[in-house]
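These notes are about the structure you will find just below.
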Amino acid sequence: MRPSGRKLDELRAVSIETGVMRHAEGSCLIRLGDTQVICSASLEERLPPFLRNTGQGWVTAEYGMLPRATTTRNRREAASGKQTGRTVEIQRLIGRALRACVDRQALGERQITIDCDVIAADGGTRCAAITGGWVALRLAVSKMLQAGLLTSDPMLDHVAAVSCGFYAGQPVLDLDYAEDSEAGADGNFIMRGDGRLVEVQLSAEGAVFSRAELDTLMDLAQAGVERLIAVQKAVL
């Protein structure tokens, strides 16, 4: 029995509310159970130095967690003067995931930054950030198309992410914190709408796993991503 009472292959309740930030080119609030992340997309007419005069654009991401997103207060990273390794790793993951769905040549020499701010954390924050970040990016690109800034749509496909792992010896989809903290193995699976993988982060936390068990998690993840993409489509 899962702590939440969910079935092994059941996602937490998912909702995405768009237009939550007035000034951003695209924004949404994604809720995945008790995890909540605000995602916003900002268009910037500038590029990293290594991309100047290449004709290609860039999609990048920043990630942060509010001090009371968790049960106890976390110190703001700004107060210590640097980001933690976890934060840097997560925002790089979000950026890689979203670039996998963009034709950067069609985007042109401009940058879109996706800001993902966790306001409540109960596991799966990076997966929620990727899934909601795609919606914010899609909204921003649609606005650019309507304004005539783009001549063709650079968005190649949907991207969404979900966690899977082994809890109490059973394969489960979309781990919340209670499961994640006691999982024998857990990981994050990022996929496009065409079913192709963008990235898999999977590790044994308390028990090693077999190839057959990995395949079981892959099947769970694909089904979960398909449901998340259906939510993305519904809100747009």
Inset, instruction - Can you give me the number of residues within the stretch 115-138 that are among the aliphatic types (A, V, I, L, M), part of a helix (DSSP H, G or I) and more than 21 Å from R46 (Cβ to Cβ)? - result: 4
Inset, instruction - Would you mind finding the one in V172, V198, V141 that is in contact (Cβ under 8 Å) with a residue 40 or more places away in the chain and either under 11 Å from the mean Cα position of the chain (by Cα) or not in a strand (DSSP E or B) (or both)? - result: V141
Inset, instruction - Answer yes or no as to whether I30 is farther than 17 Å from G123 by Cβ and buried (at least 16 other Cβ atoms within 10 Å of the Cβ). - result: no
Legend entry - Residues located in the stretch 40-57, provided they are within 20 Å of D153 (Cβ to Cβ), at pLDDT 95 or above and either small (G, A, S) or in contact with a Ser or Thr (Cβ under 8 Å, 6 or more places away or on another chain) (or both): A41, S42, G57
Inset, instruction - Go over the candidates R46, R68, R52, R31 one by one and state the one that is charged (D, E, K, R) and under 13 Å from the mean Cα position of the chain (by Cα). - result: R31
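Can you confirm whether L150 is within 26 Å of M21 (Cβ to Cβ), of a type outside the set (F, W, Y) and in a loop (DSSP other than H, G, I, E, B)? Show your work before the answer.
Numbers: within 26 Å of M21 (Cβ to Cβ): yes; of a type outside the set (F, W, Y): yes; in a loop (DSSP other than H, G, I, E, B): yes.
Yes.
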Inset, instruction - Could you check how many residues of the stretch 63-114 are of a type in the set (A, V, I, L, M), surrounded by 16 or more Cβ atoms within 10 Å (Cβ to Cβ) and outside any loop (DSSP other than H, G, I, E, B)? - result: 11
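The values are calculated or read from the model by the stated rules, or taken from the named source; none is laboratory data. As the structure is a computational prediction, the values presented were derived from the model and not from experiment. Because the Cβ atoms are built from the backbone with ideal geometry, glycine has one as well, and the counts that use them run over all protein chains shown.
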